[in-house]
Each structure stands twice: as structure tokens, then as C-alpha cells.
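To start, the structure under review is shown below, and the notes come after it.
Values quoted throughout were computed directly from the atomic coordinates according to the rules given, and no laboratory measurement underlies them. Here the structure is a predicted model, which means the values were calculated and not measured. Backbone-built Cβ (ideal geometry, glycine too); neighbour counts: all protein chains shown.
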Amino acid sequence: STKLALLLALLLPSPAWAAWARVGAMLVSNNGTGGTTWTTAVLSNTLDKGNVGVCVIAKDETGAGTTDGDNVQITAVNDSVGNVWNKATEFDNMQTSTAADGAIVGIWWTVATVDLTTAGTLTISFSASTTRKAITCDEYTIGAGKVVSLAAGSNGLANDAADPGSMTDATGVSQEH
């Protein structure tokens, strides 16, 4: 019966693909001061050792060309306790070689080896002086024995003045992403 199926769904362990759970936001900030580095204010929640921190960084592009894709305009993310942050992806939607007429977004992540407390900071480095930028970071738990890895392939796509095209993950791997 439907009631039995619902009861079993509530009592049985989560399926194997449910290895991640969102803990919550740990940082939301923006900044309008120019510079090649940006150190964020105090975090709103602690990133606990063993959990995954994921940050999405957005910024104006700095006029470094007209080629869409990863132009390495976000060069590093570091925290005040020494966790290693990894670049998952960056996509630069370049319009012209004039600064600030396109947009950049990058995703960076870490599996914390040290608690990053609310007294901690993140420092983001850029390839050129950047004025307008924003960041949002979330914390996730990860199931025992699970790993964080980057899938092969890419799916960056710019559709200037057109309907959006497919953003299907082009890895050919069928798993939780």
C-alpha cells in the first residue's frame, strides 16, 4: 500500500547516491574596491573539518581579451587556516577587450582538514585588478568513504543575445554531480 511504501522510505537508509547533505551558508559577501586580492569579512558559520566547502565567485571581467572560456582571471582561493582550495571551473563571458563589459564565474571547493571558524577569512586572488565581485559559500557533509573529484570534460557555453543552449554535463559519467 501507499502508506507502507512511505513508512519504508522514511525508515530505510538513504540511497547510495545521497552522499551529500547541505549544512548551510557559510559566507555571502560582495565588494566594490579595486585590487588583485580580496580578503572577505568574517564567515557566518564554521566550516567543520571533514566537510566540503563550495564557493561561487562572480566578478566583472578585466578586459583581458575576447575569448569565452577559462581565462584564469580567478587565480587562487586561500583561507586563514590553510585548507587547500581547488578550482572546479571558471567561465569567462568576454564581450570585448574593454574591462567590465563581460562577466566571470568560478567555483572553488575544499574538503576541510582544519575547522575554518567564524573568525576566519577567505582571500581570493585575481589576475588583474578587479573592482566589482561577489562570493557565496556553502558547507556540505559528505558520506563516509565518499570522495570529491572533478569529472572529465567541460560544459561551458556562451549564448550572447540568444536562447540558452544545452548545459548538460558532457562527462558521460552517470553519477551525482
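Highest mean first, how do 22-32, 71-81 rank when packing is the count of other Cβ atoms within 10 Å averaged over residues?
71-81, 22-32
Restrict the search to the stretch 81-147; then list the trypsin sites (Lys or Arg not before Pro) that DSSP places in a loop and that have at most 16 other Cβ atoms within 10 Å of their Cβ.
Passing sites in the stretch 81-147 are Arg132, Lys146.
How much length is gained on full extension from Ala76 to Ser44, taking 0.36 nm per residue of separation minus their Cα-Cα distance?
9.4 nm
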